[in-house]
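Presented below is the structure to which this report refers.
The values are calculated or read from the model by the stated rules, or taken from the named source; none is laboratory data. It should be emphasised that the depicted structure is a prediction, and the values quoted were computed from it without experimental measurement. Every residue, glycine as well, gets a Cβ built from its backbone with ideal geometry; the counts of neighbours run over all protein chains shown. Remember, those area values only see protein heavy atoms, side chains included, never the ligands or the DNA or RNA. Shrake-Rupley method; radii C 1.70, N 1.55, O 1.52, S 1.80 Å.
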Amino acid sequence: MIKNNLVKRQKSKKLENTSNGNVMIKMTHVKKSFGDLVVLKDINLEIKKGEVLVVLGPSGSGKSTLIRCINRLEKIDEGEIILEGTNIYSQDMDIHKLRTKVGMVFQQFNLFPHMRVIDNVTLSPIKVKKVSIDTAKQEAMELLKKVGLGDKYNSYPHELSGGQQQRVAIARALAMNPDVMLFDEVTSALDPELVKGVLETMKELAKMGMTMIVVTHEMGFAKEVADRVIFMDEGYIVEENEPKELFENPQNPRTQAFISKIL
Amino acid sequence: MVGLGFQFDLFVRILPELLRGASITIQLTAFSVAIGTLIGLFMGMARISRYKIFHIPSTLYVEVIRGTPLLVQIMIVYYGLPSLGLNLNQFTSGILALSINSGAYIAEIFKAGIKSIKKGQTEASMSLGLNYMQTMRYVILPQATRNILPALGNEFIALLKDSSLVSVIAISELLRRGMIVYSRTYDAWTPLLGVGLIYLCITIPLSRAVNYIEKRWEIHD
């Protein structure tokens, strides 16, 4: 379970200063366009094990595309992405294996509506990791309890609130025991009163030392949980810093303009 | 006897014969629907494939079959194939023609059904490490099948009615039995009305069943 894996590394800000062996993801000169529209122009980014990185930026700045490139939901045009020492585009990289290491949670939850909660969570462990049904169910129940939905295992997604569905989606991604979790505006589609529960779940995850890349507009979450915040605009990372610094003392004029609008 | 309208006593007398025809009709339809669905499933998936090797032949198949009359297809299979050295009996020819024909329509139904599932479902499934076939099997097709059930049911009903066309290659299905009675009694009205009535007795419960299943399987987003 995630806990066993993560308990070894208690979250610590000092982690960032340790050796390069701790690099989880390294993106170098990544470029990506959709037709004529260049979405990522030159992305260079390193994410360390256990780090929580928040990605900020106006809509259309390339935030979602950036994280979707990491599990190859989008294919990059140029540059390279190294995950735990392996180029994700190299020949010996099995894409399905890559995706089991990279959990992803979507804005629209994307739960499978025809399956019960428990089956949503166990589908991939059973079919991809070939875990036995009993073990998968057991682990799924533990995860569901962890996200506060232990009693909902037998429900269908439509019987749950948006916040509950999103927490099931998090549990579903965690069931693969990923090394890194990507969150793509996971609270944007939720009613305000449901946001908190999802953020709490994410905070728990961060506390356990999960490596997380979080695209969000939740400044409170960024301030409290993020180790580092990057600000993107028009396909570039224009600024990066610790959250406190970036929010209180933004250097780039575009960051300043964005921060002043949302705070 | 001629021109007296629907004669109930004649109808009762020929009913066993017509019912034997109906049984053949149902068998023809059942086999053809099963094979046609299988063809349609794969052709439908091939239709939306981004690989030309799948996309082009499946598109050609659908266009050709939908663009030519079923009657012509039946005759080509029955009268044409023997010249290629392939001799099939009437029943097999009928099933082959009907399967190939319905496969094209069902392919379009599957295509629409698969496309009706939001992209996020595929992305979520892929992001969990499932491959294309697993994603289709466990995530997309179960949802797509529910969405297309009414269309599929209508196609089944249409095929049941269209199967009357194989009477031209002398398969003793429902319509042909009616025609035989007509040529024997010179009364067209009673046997043909009887044939229509029996078709209705099959299609109405069938469409009710489709409605019922559709309601029961309704999924929520």
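Per residue, how much space in cubic angstrom lies within the convex hull of the C-alpha atoms of the stretch B:8-220?
133
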Bin width 5 Å, origin at 0, all Cα-Cα pairs of the stretch B:1-84: what percent of pairs per bin? 3, 11, 11, 14, 15, 12, 10, 8, 6, 4, 3, 2, 1
Taking the Cα centre of the protein assembly as shown as origin, work out the dipole magnitude from +1 charges on Lys and Arg Cβ and -1 charges on Asp and Glu Cβ, in debye rounded to 20. 900
In whole angstrom, the spacing between the Cα centers of the stretch B:124-161 and the stretch A:137-194 equals 25
What nm distance separates the two modelled labels at residue B:86 and residue B:213, each placed 7 Å from Cα along Cα→Cβ? 2.9
Apportionment of accessible area to carbon and sulfur, the stretch B:160-209, percent (1.4 Å): 68
Per the charge dipole of the stretch B:8-220 (beta-carbon charges, Lys/Arg positive, Asp/Glu negative, Cα centre), the residue among B:58, B:128, B:28 reaching farthest to the positive end is B:128
Across the stretch A:121-183, how large is the tail of the calculated P(r) beyond 14 Å, expressed as a percent of all Cα pairs? 54
Cα-centred dipole magnitude for chain A, charges only on beta-carbon of K, R (+1) and D, E (-1), debye, nearest 20: 840
Compare B:44, B:129, B:153 in a GNM of chain B, Cα atoms joined below 10 Å, and give the one with the largest fluctuation. B:129
Per residue of B:114-125, count partner chain C-beta atoms within 10 Å of its C-beta, then hand back the mean as an integer. 4
Treating the angle as unsigned and between 0 and 90°, give the value, to the nearest 10°, between the Cα long axis of helix A:253-262 and the longest Cα principal axis of chain A. 40
In Å, what is the Rg of the alpha-carbon atoms in the protein assembly as shown, and how long is Dmax? 30.5, 104
Scale the Cα Rg of chain A by the rule-of-thumb value 2.2 N^0.38 Å and send over the ratio, two decimals. 0.99
Residues of the stretch A:110-137 losing 20 Å² or more of accessible area relative to the isolated chain, 1.4 Å probe, heavy atoms only? A:110, A:112, A:113, A:114, A:123, A:124, A:127, A:128
According to a simple spin-label model (label point 7 Å from Cα along Cα-to-Cβ), what is the distance in nm between residue A:97 and residue A:42? 3.4
Which of B:19, B:75, B:194 sits closest to the plus end of the dipole of the stretch B:8-220, meaning its Cα is farthest towards the positive end, when Lys and Arg get +1 and Asp and Glu get -1 on the C-beta? B:75
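For the stretch A:62-106, what is the charge dipole size about the Cα centre, in debye to the nearest 20, if Lys and Arg each add +1 at the Cβ and Asp and Glu each add -1 at the Cβ? Present the calculation step by step, with values, prior to reporting the outcome.
On the way: 7 positive and 7 negative charges, 59 e Å.
The dipole of the stretch A:62-106 has a size of about 280 debye.
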Probe radius 1.4 Å, ligands and nucleic acids ignored: give me the carbon and sulfur share of the accessible area of chain A as a rounded percent. 46
How big a patch of accessible area, both sides summed and in Å² to the nearest 100, lies buried between A and B at a 1.4 Å probe? 1900
